[in-house]
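Take a look at the structure set out below.
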Amino acid sequence: MPYKIDETHDPSLESWVESANDPETDFPIQNLPLCVFRPKGAYAADEGLGVRIGDKVIDLAVLSETFLDQDDQLSAAMLREWNPATSLKTKNRRQFIRKRLSELLRSDVDELRKDKAACAAALVDASECLLALPAQCTDYTDFYASVFHATNVGSMFRPGNALLPNYKHIPIGYHGRASTVVESGTKIRRPVGQTAPAEEGGTPGFGPSKLFDYELEMGLVLARGNEHLGSTIPIEEAEDHMLGLCLLNDWSARDFQKWEYQPLGPFLAKSFATSVSPYIVTMEALAPFRCPAFERPAGDPQPLPHLDSDHNRALGGFDITLEVHLASAQMRERGIAPIRLSKGNFKDMYWTFAQMLAHHASNGCLMQPGDLLGSGTVSGEAKDSRGCLLELTWNGDAFSDPPKLVPGTDRTAIELPTGEERKFLADGDEVILKGYCEREGYRRIGFGECRGIVTPAVRS
C-alpha cells in the first residue's frame, strides 16, 4: 500500500498556528492540502505552490531553501513554475512537504516559529490570497461511476432499460474539455444550445438551457502518468500515480444532454464549464479514510483481472461525506444562509478511482501529470443523497421493486426559504459543494468549498 498512516495523522497533534486547532476547521495540521495562490495585488506570474493550514496559506517557495530542501530537491523556482503541484516527485511530497512541514508547524517545535522574518514572509492570511486552479489541467476525463446515479438517469432517459450491458463491466467515461475547467468562484454562464423537437419529426429548438443543473463529484489529480504512449498503468500501481482529490462540479444542461447523448454520449451539454475546488487533499492525508471498494450485489459480475486487486477490494474506496448547498440571489440579498440540498458519501461509488485510472490507460492512452479525472455524479441509494437536481426533483423511484417510473418531466420543486421554488437552477443561484472526512480516532479533515454562481445566457 503506497499511502500509510504515520505520525502526521496523530489526532493529538496541534499547531502553533492556533486557527488549525479549531475542531471545525477543514485544515488542521493533519490535512495540509496543496494549493496554487498569490497574494492579492500580486501579478499572476507570482503564483506559487502553497499549503493551507487553519486560516493561513504557507508559501512553500519562501521556506524551500532554509527549511524544506534537505537534499536540494526543492527550489523556489520549481515551486513557482507552470504546474508546481504535479512537478513534485512522490518522495519530495511525502518527505519534504508533508512530514517536514508537519514537524515545523507542530506546537512543540520552535524551529520555524522563532524565525519571525521567515514566518512573516511565508504565512499569508488565506483571506488575503487569490487561489487559482490547484493544478493546471492538462487533460480531463469524466466518469459515470455511481450505479445509483446511472440507474436513476437511465430510468428517466430509457425507461425499462436503465443500465446498459457494459456498465457493470467497465468504468464508463467521456473525454471532457480541459479548456473549460475553472477554479471555484468563477461565474458560470448559462449555456445556449440545441434541444429536442417538441414533437416527433419537428424542428429542434435553440436557446438558453431551461434544465440547467449541477453535478456533485470528486476530482482526481494525477501526479504522474504512464511511461509512454502504448504503456499501461496496472491497477496495483495506480495509486502511486495519484496526487490527491478535490471537489468537482460538472455543470450540465439536461435538455441539451437528452437530445445529443445518443449515440456518442455527452458533448455540448457538459463542455462549457467544470468547476474545481482550490485545494488538493493529498493521498497521504487521506490514508486514514480509506475503505473497501463498493460491495457488489450477488449476481453482479466481478471486475476483470486488470480492474481487480487485493488492495483495491480492501481499501480502494474513500470515506468522504459530500454535501450540496444552494443560495438564490434573493436569499443572499436577504442575508439567508444557503440551504443543504443533499448529503451523500463517496464510498457509494461502484467503481474506484484506481479502477478508473487503470481502465483509462489499459489501451495505452498516454496519461500525464496534471490530468483530471472526474468521478461522475456521487449519488447514494437514499433520495436525500442524490447528487444533482435531475435526481432530487424526480418523482420516480428506480430502486423500488418493481420500479415506479414516471416521465422525467414530472417533478417536485424544492422550496427555498424565500418561497421560491426550484426544479432546476435559476440565474443568480449559487451552488456550493463541501466535503470532509471523519473517522473515530482521527482528526476531521476537509476539502474546503467549490462554488459557482449561474449568470444569464448571452446569445450571439
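The values are calculated or read from the model by the stated rules, or taken from the named source; none is laboratory data. As the structure is a computational prediction, the values presented were derived from the model and not from experiment. Every residue, glycine as well, gets a Cβ built from its backbone with ideal geometry; the counts of neighbours run over all protein chains shown. With ligands, DNA and RNA removed, areas are computed over all heavy atoms of the protein, side chains included. Shrake-Rupley method; radii C 1.70, N 1.55, O 1.52, S 1.80 Å.
Assorted remarks:
- Taking 0.36 nm per residue of sequence separation and removing the Cα-Cα distance, the residue 330/residue 110 pair yields an extension gain of 74.3 nm.
- Using the Cβ-Cβ distance between residue 304 and residue 340 with R0 set to 35 Å, the FRET efficiency works out to roughly 0.35.
- Point-charge dipole on Cβ atoms (K/R +1, D/E -1) for the stretch 187-313, about Cα centre, debye to 20: 680 debye
- Mean-position separation - Cα centroids, the stretch 170-203 and the stretch 37-68, in angstrom: 35 Å
- The convex hull built on the alpha-carbon positions of the stretch 262-356 has an orientation-averaged projected area of 10.2 nm².
- With the helix formula -39500 (n - 2.57) applied to DSSP H stretches of n ≥ 4, the chain reaches a computed 222 nm mean residue ellipticity of -3000 deg cm²/dmol.
- Segment residue 439-residue 91, extension gain: residue separation times 0.36 nm, minus the distance between their alpha carbons: 122.6 nm
- Where 311, 175, 228 fall by accessible area, highest first, once all protein chains stay in place (1.4 Å): 175, 228, 311
- Area accessible to solvent at residue 367, 1.4 Å probe radius, in Å²: 10 Å²
- The slack between residue 228 and residue 83, meaning 0.36 nm per residue of separation minus the straight C-alpha distance, is 50.2 nm.
- Loop sites in the stretch 132-208: GluC sites (Glu not before Pro), DSSP, at most 10 other Cβ within 10 Å: 199, 200
- For the stretch 107-236, the direction-averaged projected area of the alpha-carbon convex hull comes to 15.7 nm².
- Zero-based 5 Å bins, Cα pair distances in the stretch 132-183, whole percents: 4, 18, 21, 17, 13, 13, 9, 4, 1
- Where a label projected 7 Å from the Cα of residue 43 along Cα→Cβ would reach, residues of the stretch 97-130 with amide N under 19 Å: 130
- The stretch 259-265 - phi-based ³J(HN,Hα) in whole Hz, Karplus 6.51/-1.76/1.60, Gly and Pro as x: 7, 10, 6, 10, x, 10, x
- Out-of-range pairs (alpha-carbon distance over 31 Å; input 347/423; 40/347; 258/383; 91/383; 91/116): 40/347; 91/383
- Computed over the alpha carbons of the stretch 222-312, Rg followed by Dmax gives 17.4, 43 Å.
- In this label model, residue 194 and residue 12 are separated by 6.6 nm, measuring between points 7 Å along each Cα→Cβ vector.
- Rolling a 1.4 Å probe over the heavy atoms of the protein chains gives the stretch 317-374 an accessible area of 33 Å² per residue.
- Debye log10 I(q)/I(0) for the chain, one point scatterer per Cα, at q = 0.13 Å⁻¹: -1.22
- Only protein heavy atoms count here; on that basis, with a 1.4 Å probe, residue 348 has an accessible area of about 40 Å².
- Accessible-area ranking of 137, 388, largest first, probe 1.4 Å: 137, 388
- Relative contact order %, the stretch 304-460, counting alpha carbon pairs below 8 Å whose residues are six or more apart: 24 percent
- Computed in the context of the full set of protein chains, the accessible area of the chain at 1.4 Å probe radius has 50% of its extent on carbon or sulfur.
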